[in-house]
Amino acid sequence: MHVHVYRPGKQTTAVREKILSRGSLPDGIAVPSILNGDIVNQGFGPEEFLQNAIANGVAQGLLLPVAPFGTRPEVVRKYNQWHAEIQTTRRGELISLGTINPFMSEKAAAAELDFIRENFIGVKFHSFLQGFNPLAPELGSLFEEISARNLSMFWHTGAPEIYARTNTLPEHLVKIYDAYCAKDNLATVWAHLGAQRFGDYFLDYLAEHENIFLDFAYTYALDYAVYGTELEGKPVEHDGRWDFYFDLTNPRYLDKLLKKLGPKRFFMGSDYPYTSMVVMMRAVNRMFEVHELNSEERNAILSGNARRFFSLMGEIQPDKSELLSPFC
Ligand SMILES: [Zn+2]
């Protein structure tokens, strides 16, 4: 439920460089994607994703395109068109959300949202890559237009402190949900487990709003599940690069989340190609064991919750999704 694919060429080169530049975690643990072998010659298109997914027992994926800061409206449309085409040609295997440039003119945004409504069930936002402050008042009308079209908002979460303006944390997302989604109980997703920064207030809020989902994409929860024994009890030195996704000071937040919300609110997510599918599946299985989830609870996280999300948004998936096929 959290995958990215890229066209060959410049985009692929940029993604590869981003992955390779990560090196290792502060305590010397290799970055998961590096563990998965030869990234150097790999493409990151839909075919590569599906090959990688199928090899790891994952049957379906949710694509999340992001038009970075400054993307011109006609290029935003190209992103959406390409993802709509993939969704059509790989129906039953890949489903996509749409992307928008939050700084587009009102007119261009309305046209793009109409296109998105025709083709997708929601919009992915990445405030950091798209360079916007999620609480900026001038974005209010965009969020209203999205809600008016009954589209889901799928939020990257994280807080690189040096870019404080573009933080997306539970405190921001609660305000957005209250203002634009709560009235109609719209389904929304806070990726990366909501940046793993949950005080009791946010836990109570999540418990009261059952259509807010969280995904495991690129979270410390999964690394912790894999490397748990090595890290247990050892505070990991924080070098500032990693708080984009991880709160290394709080490795036990997943216990808290599962206890408070139960397993029905979580999606799998690999954040392919930024983490390895091999590592992700290993971690998910380890997490199931650590938290002693039964088969019904495991199936909910693997695919049942994804289907609930789609049906809340009026999306009927083809027969294949009726199988208990892991959805990444
Ligand atoms: Zn992602």
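Things worth noting here:
- Only one of the numbered conditions (1) modelled with pLDDT under 75; (2) touching a strand residue (DSSP E or B) at 6+ places or on another chain (Cβ under 6 Å) is violated by residue 280, and that is (2).
- Restricting attention to the stretch 1-15 and to residues that are within 12 Å of the ligand (Cβ to nearest atom) and outside any loop (DSSP other than H, G, I, E, B), the residue that is nearest to residue 217 (Cα to Cα) turns out to be 3.
- Of everything listed in (1) out of contact with any helix residue (DSSP H, G or I) (no Cβ under 7 Å at 6 or more places or on another chain); (2) modelled with pLDDT of 85 or more; (3) under 28 Å from residue 49 (Cβ atoms), the single unmet condition for residue 323 is (2).
- Within the stretch 67-81, considering residues that are among the hydrophobic types (A, V, I, L, M, F, W, C) and buried (at least 18 other Cβ atoms within 10 Å of the Cβ), the one nearest to the ligand (Cβ to nearest atom): 67
- When residues of the stretch 15-46 are limited to those that are modelled with pLDDT of 55 or more and surrounded by fewer than 12 Cβ atoms within 10 Å (Cβ to Cβ), the one nearest to residue 67 (Cα to Cα): 17
- Qualifying residue in the stretch 287-310 (condition: of a type in the set (Ser, Thr, Tyr), at pLDDT below 80 and within 16 Å of the chain's Cα centre (by Cα)): no
- Failed condition for residue 126, given (1) away from the ligand (no atom under 16 Å from the Cβ); (2) surrounded by 21 or more Cβ atoms within 10 Å (Cβ to Cβ); (3) closer than 22 Å to residue 5 by Cβ: (1)
- Of all residues in the stretch 105-132, those being more than 18 Å from residue 189 (Cα to Cα) and among the polar types (S, T, N, Q) number 2.
The values are calculated or read from the model by the stated rules, or taken from the named source; none is laboratory data. Remember, predicted model here, so these are calculated numbers, not experimental data. In this analysis, Cβ positions are derived from the backbone assuming ideal geometry, glycine residues included, and neighbour counts consider all displayed protein chains.
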